[in-house]
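Participant: Sharing a structure, written as structure tokens. Questions coming.
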Amino acid sequence: MKPYLSMVGANLKMTLRNRTGLFWLLLFPAAFIIVLGSLVGDGSSLHASVGVVNGGATPVARQMTSAMKDSKFFAVQSGAKGTEFAKLREGKLDAVVVFPEKESSGQPLPVSTYVDKANVSTSQAVSAAIGQIGQRINEQAAGTAPQPQVVSINTHGVQSKHLSYIDYLVPGILAMSIMQSAIGGLANSFVVLRERGVLRRIKVTPFPLTSFIAARITSQFAVALCQAAVLLGLARVFFHVEIVGSLLSVGAFVLLGCLAFLTIGFLVASVSGKQESASALAQLITFPMLFFSGVFFSLDQAPTWLQDLAKVLPLTYLADGLRQVMIYGASLTSLWGDTLALAVTVAIGFVLATRYFRWEPKTS
Amino acid sequence: MNPAIQIDNGRDSETIEEVVIRIEGLRKTYGEVVAVDGVDLTVNRGEVFGILGPNGAGKTTTLEMIEGLRKPDAGEIEVAGYDAVREAEDLKRIIGVQLQSTALFDYLSVEETLRLFSDLYGTDGSPVRIQQLLEIASLAKKAKARVDELSGGQQHRLSLILALINDPRVVFLDEPTTGLDPQARHNVWDLVRKIRDEKKTVLLTTHYMEEAEELCDRVAIMDHGRMLVCDTPLTLIRSLKMDATVLASVEADSGEQLEVDLDLLPGVTSEEREASDLRLQTENVQATVTSLMSLAAERGLHLKDLSVRSVNLEDVFISYTGRGLRD
């Protein structure tokens with residue numbers, strides 16, 4: 001285990017010290033987010049308008065509604081379920097809170113909150129604020145003795161017509177930067193190590209070359225997670241882009257995408273004899289994906305042939321998967337299409353990369 | 001095609017040597033090209049053994065088969081009791097290797113490189129050992145420098161001490177000084193002598209005669225995939241039955257030229273002249289020099305820059321292959 005960890009550590013050190021590489025894997029995508037984000041601005045506001053349905057039906061509902069009215073954060077209005085939902089869909093409301101018409105004794109009151117999926121940052125704030133109010137009421141009711149909850153809150157996302165551009169862009173840029181460093185970065189450095197004989201030097205040590213590859217993959221995983229942390233952190237700090245879905249799901253997609261592109265990176269390294277040709281081939285593969293995978297703009301309005309093309313590009317699925325998790329809070333299981341597409345990429349990439357793999361320089 | 005040439009030196013020596021490397025009938029072909037053509041070799045414990053030959057002779061291929069980098073087509077290799085083909089993984093732990101390409105990870109420092117390889121070998125990369133290695137390679141001041149900031153000679157020395165990081169029993173050095181300037185070459189030679197002083201067995205390849213003469217206890221001359229001859233440098237040189245080369249430049253008082261056929265002087269086997277420069281090969285240096293002096297005195301000639309160069313491995317190589325090492 002120690003040789004392996006030592007190799008992973010060395011890989012990470014080398015990544016950090018490679019200024020050019022660092023530029024492409026962090027600075028470049030970060031600049032993209034900041035420049036494009038500043039152009040379109042962020043969609044967040046300090047106030048949330050909420051429509052309440054059945055706010056006076058039960059004592060607990062009355063208690064919660066008045067708590068929301070007291071809060072400066074909420075602008076509360078009441079109405080029938082249908083009209084409030086219509087307002088939410090049109091983007092006139094930030095959320096709708098629906099209380100049940102009756103309470104069933106002994107059960108916590110089921111409260112449903114519907115938020116605008118597109119306006120991620122506000123939706124997050126709304127759910128958090130309503131959650132806090134619910135928690136406070138639960139605690140007051142409990143007193144000192146433990147008692148069953150009086151309120152349980154479920155949050156649902158509702159698709160509105162408008163999606164803010166920065167929310168759309170950030171997952172795409174993250175997907176792009178993962179691809180760039182897993183294909184271009186890996187292929188470049190691996191070809192150099194092989195052609196200059198460093199791999200042969202490793203080969204005469206007792207450290208198995210398969211472990212060397214595994215260490216490479218592990219360190220690339222760490223790099224991809226760092227990319228995600230930095231880029232998503234930037235987007236959050238500057239543009240209030242929040243992650244609706246679970247961080248675990250984001251992480252899982254980051255790693256799956258990273259692995260898919262790594263197999264392509266190894267394939268590129270295997271068929272290239274020189275760093276220059278690896279670099280050119282990597283660009284040839286990544287460039288079309290940048291434009292035709294819906295990273296910068298949605299392809300919904302694009303011609304059919306372009307949409308068909310996007311369907312065979314793995315970056316489409318990584319960008320879409322990350323977007324679904326981040327914006328809509330989709331779970332991994334509901335994204336089986338994206339997951340499957342990336343898994344198929346891993347499988348095909350693995351078979352091809354193994355088929356063409358070389359430890360020895362081409363010249364010898 | 002001759003059958004493999006049998007080279008055996010252990011038998012006629014008086015002392016009983018412990019054989020560390022034993023190679024029999026080693027053969028490797030690349031398509032039509034026979035790179036190594038039936039090589040037999042034994043290397044004894046504690047000796048510095050050199051394989052001398054021109055580029056393309058098969059030296060590196062031979063070494064890489066012993067190191068486990070290439071699989072032989074035929075033949076047996078045994079190193080310190082391990083079969084180099086079947087027990088390659090075990091063997092890797094007890095050998096140290098410097099490859100011809102000395103490239104390492106550019107972005108790591110010298111010290112980090114040593115520590116990483118120490119971990120890869122699973123040895124304790126104790127700071128003491130690393131410091132000791134840095135000192136024998138005169139790299140202590142460069143410990144924190146990154147590999148890509150080192151000079152060519154320093155990179156060579158680093159790759160050499162990396163071959164010692166696992167405290168190996170046998171060290172393989174593939175052309176350890178190729179491409180280095182004379183100063184850097186002498187530094188590497190000092191380093192190889194220090195490795196010998198650590199009582200390690202060293203097998204090196206080179207195409208420099210001086211290097212083989214300076215460093216090696218025994219030398220095998222290799223050409224076209226075959227070992228032509230193998231012995232101590234001194235024995236090889238003596239076997240030529242040639243004493244020395246006499247060099248001088250001749251000046252006459254009266255501008256008179258030296259018109260005698262110097263081939264007729266005692267001992268001389270061949271003669272070369274270029275303007276006033278003389279180059280005589282002799283099998284009896286004393287007789288040749290004495291008669292050359294008296295001839296000069298008789299004719300009133302001045303011999304300037306008279307020097308006698310002893311026979312070297314280059315002459316041995318030429319006599320076995322019919323061409324110079326650098327041809």
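Just so you know, all these numbers are worked out from the coordinates, no wet-lab data involved. Not measured: the values here are computed from a predicted model. Here the Cβ is made from the backbone with ideal geometry for all residues, glycine too, and neighbour counts use every protein chain on show.
Participant: Once you've got the GNM for chain A with C-alpha springs shorter than 10 Å, pick whichever of A:Ser104, A:Ser334, A:Ser71 has the biggest mean-square fluctuation.
Facilitator: Checking each option, the largest mean-square fluctuation is seen for A:Ser104.
Participant: Given DSSP loops and a limit of at most 15 other Cβ atoms within 10 Å, what is the longest stretch of chain A that contains no such GluC sites (Glu not before Pro)? List each step's numbers first, then the result.
Facilitator: On the way: sites that count: A:Glu90, A:Glu101.
Answer from the scan: A:102-364.
Participant: Using r as the Cβ-Cβ distance of B:Gln286 and B:Glu89, and R0 as 56 Å, what FRET efficiency do you calculate, to the nearest 0.05?
Facilitator: Details: r = 58 Å, r/R0 = 1.04.
The calculated FRET efficiency here is 0.45.
Participant: Still on this structure: Please give the FRET efficiency for A:Leu290 paired with A:Arg358, using the beta carbon to beta carbon distance and R0 = 22 Å, rounded to the nearest 0.05. Let's see the in-between values first.
Facilitator: On the way: r = 28 Å, r/R0 = 1.29.
Calculated transfer efficiency: 0.20.
Participant: Please report how far the C-alpha centroid of region A:252-288 lies from that of region A:308-364, rounded to the nearest whole angstrom.
Facilitator: 12 Å
Participant: Rounded to the nearest angstrom and ordered from largest down, what semi-axes does the equivalent ellipsoid of chain B get from its C-alpha gyration tensor (root of 5λ)?
Facilitator: Values: eigenvalues 377, 129, 55 Å².
Over the Cα atoms of chain B, the semi-axes work out to 43, 25, 17 Å.
Participant: Within the set of other residues whose C-beta is less than 11 Å from the C-beta of B:Asn284, count the net charge using Lys and Arg as +1 and Asp and Glu as -1. Present the calculation step by step, with values, prior to reporting the outcome.
Facilitator: Working: positive: B:Lys241; negative: B:Asp243, B:Glu283.
Computed value for this residue: -1.
Participant: How large is ³J(HN,Hα), in whole Hz, for each residue of region B:291-307 in order, when computed from phi with the Karplus curve 6.51 cos²θ - 1.76 cosθ + 1.60 and θ = phi - 60°, using x for Gly and Pro?
Facilitator: 6, 5, 5, 5, 4, 5, 5, 4, 9, x, 9, 9, 9, 10, 6, 5, 8
Participant: On to the next question. Rounded if a/c is under 1.5, else prolate if a/b is larger than b/c, else oblate: which is region A:1-108, with a ≥ b ≥ c the root eigenvalues of its Cα gyration tensor? Write out the running numbers ahead of the final one.
Facilitator: Numbers: a/c = 4.38, a/b = 2.20, b/c = 1.99.
Because a/c hits 1.5 or more and a/b exceeds b/c, region A:1-108 counts as prolate.
Participant: Nearest 500 deg cm²/dmol is fine: what mean residue ellipticity at 222 nm does the protein assembly as shown get from its DSSP H runs of n ≥ 4 alone, each adding -39,500 (n - 2.57), divided by its residue count?
Facilitator: Numbers: 25 runs with 328 residues, N = 691.
Dividing the helical sum by the residues of the protein assembly as shown leaves -15000 deg cm²/dmol.
Participant: Could you state the number of Å between the C-alpha centres of region B:286-300 and region B:200-246?
Facilitator: 34 Å
Participant: Could you let me know the centre-to-centre spacing of region B:132-196 and region A:13-39, using Cα atoms, in angstrom?
Facilitator: 38 Å
Participant: Which whole-Hz ³J(HN,Hα) couplings does region B:97-106 yield from phi under the Karplus relation 6.51 cos²θ - 1.76 cosθ + 1.60, θ = phi - 60°, glycine and proline marked x?
Facilitator: 10, 10, 8, 4, 7, 9, 5, 9, 6, 4
Participant: Which order do A:Asp320, B:Asp231 fall in if you start with the one that has the fewest other Cβ atoms within 10 Å?
Facilitator: Exposure proxy ranking, most exposed first: B:Asp231, A:Asp320.
Participant: Can you give me the angle between helix B:152-162 and the longest principal axis of chain B, using Cα atoms only, in degrees from 0 to 90, rounded to the nearest 10?
Facilitator: It is inclined by approximately 50 degrees.
Participant: What Kirkwood radius, in Å to one decimal, follows from the Cα pairs of chain A? Intermediate values should be presented prior to the final figure.
Facilitator: On the way: mean 1/r = 0.0436 Å⁻¹.
When all Cα pairs of chain A are included, the Kirkwood radius is 22.9 Å.
Participant: Same structure, new question: Show me, for region B:127-135, the HN-Hα J-couplings you get by feeding each phi into the Karplus relation (A = 6.51, B = -1.76, C = 1.60, θ = phi - 60°), rounded to Hz, glycine and proline as x.
Facilitator: Rounded to whole hertz, the list is x, 5, 5, 5, 4, 4, 5, 4, 6.
Participant: Tilt of helix A:209-239 relative to the longest C-alpha principal axis of chain A, in degrees (0 to 90, nearest 10)?
Facilitator: Roughly 40 degrees between the two axes.
Participant: Compute the distance in nm between two label points, each set 7 Å from the Cα along the Cα-to-Cβ direction, one at A:Gln132 and one at B:Glu210.
Facilitator: Calculated label separation equals 8.1 nm.
Participant: Rounding to the nearest 10 and keeping the result within 0 to 90°, find how far the Cα-based axis of helix A:336-356 lies from the longest principal axis of chain A.
Facilitator: The angle comes out at about 10 degrees.
Participant: Of all the Cα-Cα pairs you can form in the protein assembly as shown, what percent are over 38 Å apart? Walk me through the numbers before you get to the answer.
Facilitator: Working: 135702 of 238395 pairs.
That tail contains 57 percent of the Cα-Cα pairs.
Participant: Here is a further query. Tally Lys/Arg at +1 and Asp/Glu at -1 over every other residue whose Cβ is under 14 Å from the Cβ of A:Thr205; what's the total?
Facilitator: +2
Participant: Add +1 for every Lys or Arg and -1 for every Asp or Glu among the other residues with Cβ under 14 Å from the Cβ of A:Thr83, and state the total. Before the final figure, lay out each step's value.
Facilitator: On the way: positive: A:Lys81, A:Lys87, A:Arg89, A:Lys92; negative: A:Glu84, A:Glu90.
With Lys, Arg at +1 and Asp, Glu at -1, the net is +2.
Participant: Counting other Cβ atoms within 10 Å, keep those with at most 13, restrict to DSSP loop, and tell me which trypsin sites (Lys or Arg not before Pro) in region B:44-115 are left. Before the final figure, lay out the partial values.
Facilitator: Details: sites: B:Arg45, B:Lys59, B:Arg70, B:Arg86, B:Lys92, B:Arg93, B:Arg115; in loops: B:Arg45, B:Arg70, B:Arg86.
Hits after loop and neighbour filter: B:Arg86.
Participant: Here is a further query. Just flag the trypsin sites (Lys or Arg not before Pro) in region B:178-219 sitting in loop per DSSP whose Cβ has no more than 10 other Cβ atoms within 10 Å.
Facilitator: Working: sites: B:Arg185, B:Arg193, B:Lys194, B:Arg196, B:Lys199, B:Lys200, B:Arg218; in loops: B:Lys199, B:Lys200.
Sparse-neighbourhood loop trypsin sites (Lys or Arg not before Pro): B:Lys199.
Participant: Another question, then. Starting from region B:211-308, pick out the GluC sites (Glu not before Pro) whose DSSP state is loop and whose Cβ has at most 13 other Cβ atoms within 10 Å. Can you show the working numbers first?
Facilitator: Working: sites: B:Glu211, B:Glu213, B:Glu214, B:Glu251, B:Glu256, B:Glu259, B:Glu271, B:Glu272, B:Glu274, B:Glu283, B:Glu298; in loops: B:Glu256, B:Glu259, B:Glu283.
When the GluC sites (Glu not before Pro) of region B:211-308 are filtered for loop state and at most 13 Cβ neighbours within 10 Å, B:Glu256, B:Glu259 remain.
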